[in-house]
């Protein structure tokens, strides 16, 4: 049975997931993964967070091994007679994987199934999210025309770095400094939308006239595939006959927290008659991107497609996972912003960032994240030094805040029971105050602090414990 605590006056989520409910949900996820094996593993009940994490990664490894054993003849050169095969809901055909792999499978975003037939849809898979972005930028370069990319403040740092340093024909224009006139009469103006941007900026963009731009590139990596933001962007852009390209890294939120395989995608959407700047067809741009992936070695391979996606059970369980992370994140942001100065939260709410009282270099921020993970890990808390998010354990790493040009420590909020995650947050606050020079904290939380042995015991509580 779920518990409710805290009022809205406390700005904290009122829903609390008990350990029992959490374990039941995790057992369903483990069963889904295990059910994809031809010979399911005989696994003991996983009644602690470490046991759950271990079993899920073990099952992911077993699924990869099964794929290799079942399709040992399906090499990149397709030398065997069988020219097509399946991985879960995905159907593959190719003569040479990295040159002509075609993939048929469920739509990445549920909203796409409701689009009218006049809207052209082409999905291109890559071996990572950044590979998909790089291929699309390379495709824009091939248009041989000046391209202005308008990026909102707070966009992902590596994406901005890629545009600035590796795209000769592309000019990055920070939002707010966009001239009314284009740099060239035939130049294309593209809006770069990132899941990291603030909600206020997102709403502001949605109030603009989309006709002032020629194409929308939208990185959805930090959003659930069923997010209302995807639908709003499509409605806004299509209302003004502007094509949209949805870009995504699938190793974050789409693999039940196990990093099954490096996979990215670009979904190109628009009416078949639309052109970029009255010249280039969207299909031409898609072909340029596919060529870039082939030539630069960024194409996806069948082994990277999770066999457990697409089913009704997967959709339900993954949605519940993301909802749990979002609930934890709201509670986390409220507590951290009360206890520590300089905390930054993000619209997608998958992680928060902590600011030291002194300016940090990239290496100093990385060292600080590593030290925090080591110290809290030593007392039995599931906090890992890892540069990603979407796990069943918390992950911390350095982060470049492009909005303020500073280095922070990013804490990725995990899918964990409410009470245990609250315990970790209290320990993060304690550690940060003691080690990051945050003496200017506005308030203290002595009632939340617990002894190290007590913290360790919490993480090995049996399933039948009374919570």
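The values are calculated or read from the model by the stated rules, or taken from the named source; none is laboratory data. A quick note: this is a predicted structure, and the numbers were derived from the prediction, not measured. Reconstructed Cβ throughout: ideal geometry from the backbone, glycine too, with neighbour counts over all protein chains shown.
Can you go through 247, 256 and tell me which one is touching a helix residue (DSSP H, G or I) at 6+ places or on another chain (Cβ under 8 Å), part of a loop (DSSP other than H, G, I, E, B) and surrounded by 22 or more Cβ atoms within 10 Å (Cβ to Cβ)? I'd like the intermediate steps shown before the answer.
Details: 247 fails: part of a loop (DSSP other than H, G, I, E, B).
256 is the lone residue from the list that is touching a helix residue (DSSP H, G or I) at 6+ places or on another chain (Cβ under 8 Å), part of a loop (DSSP other than H, G, I, E, B) and surrounded by 22 or more Cβ atoms within 10 Å (Cβ to Cβ).
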Restricting to region 265-286, name every residue that is in contact with a helix residue (DSSP H, G or I) (Cβ under 9 Å, 6 or more places away or on another chain), in contact (Cβ under 8 Å) with a residue 12 or more places away in the chain and in a helix (DSSP H, G or I). 285, 286
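Which residue out of 324, 371 is out of contact with any strand residue (DSSP E or B) (no Cβ under 7 Å at 6 or more places or on another chain), surrounded by fewer than 21 Cβ atoms within 10 Å (Cβ to Cβ) and in contact (Cβ under 8 Å) with a residue 12 or more places away in the chain?
Values: 324 fails: surrounded by fewer than 21 Cβ atoms within 10 Å (Cβ to Cβ).
Only one candidate passes the filter, namely 371.
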Selection over region 126-144 where residues are touching a strand residue (DSSP E or B) at 6+ places or on another chain (Cβ under 9 Å), part of a loop (DSSP other than H, G, I, E, B) and over 21 Å from residue 250 (Cα atoms) yields a count of 1
Scanning region 304-331 residue by residue, the ones that are under 19 Å from the mean Cα position of the chain (by Cα) and assigned to a helix (DSSP H, G or I) total 18
Of the residues 132, 139, which is in the same structural domain as residue 236 (by TED's automatic domain parsing), surrounded by 20 or more Cβ atoms within 10 Å (Cβ to Cβ) and in contact with a helix residue (DSSP H, G or I) (Cβ under 7 Å, 6 or more places away or on another chain)? 139
Any chance residue 42 is modelled with pLDDT under 90, over 21 Å from residue 310 (Cβ atoms) and exposed (fewer than 13 other Cβ atoms within 10 Å of the Cβ): no
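With the requirement that a residue be outside any loop (DSSP other than H, G, I, E, B) and surrounded by 15 or more Cβ atoms within 10 Å (Cβ to Cβ), what does region 233-244 give you?
To start, the set of residues in region 233-244 that are outside any loop (DSSP other than H, G, I, E, B) comprises 233-238, 244.
Residues satisfying the conditions are 233, 234, 236, 237, 238, 244.
Residue by residue, here is whether (1) under 30 Å from residue 104 (Cβ atoms); (2) in a helix (DSSP H, G or I); (3) out of contact with any strand residue (DSSP E or B) (no Cβ under 7 Å at 6 or more places or on another chain); (4) in contact (Cβ under 8 Å) with a residue 24 or more places away in the chain holds:
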site	(1), (2), (3), (4)
333	no, yes, no, no
349	no, no, yes, yes
358	no, no, yes, yes
366	no, yes, no, yes
376	no, yes, no, yes
380	no, no, yes, yes
389	yes, no, no, yes
396	no, no, no, yes
In the list 266, 237, which residue meets the criterion of being in contact with a strand residue (DSSP E or B) (Cβ under 9 Å, 6 or more places away or on another chain) and over 30 Å from residue 64 (Cα atoms)? 237
Going by what's in this entry, would residue 262 be described as part of a helix (DSSP H, G or I) and surrounded by fewer than 22 Cβ atoms within 10 Å (Cβ to Cβ)? no
Could you grab me the full set of residues in region 269-285 that are out of contact with any strand residue (DSSP E or B) (no Cβ under 8 Å at 6 or more places or on another chain) and closer than 28 Å to residue 302 by Cβ? 284
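For region 56-125, please list each of the strands (runs of 3 or more DSSP E) lying entirely inside it that holds at least 3 residues being surrounded by 13 or more Cβ atoms within 10 Å (Cβ to Cβ). First the steps, then the outcome.
Numbers: elements: 84-87, 90-93, 102-104.
The strands (runs of 3 or more DSSP E) meeting that bar are 84-87, 90-93.
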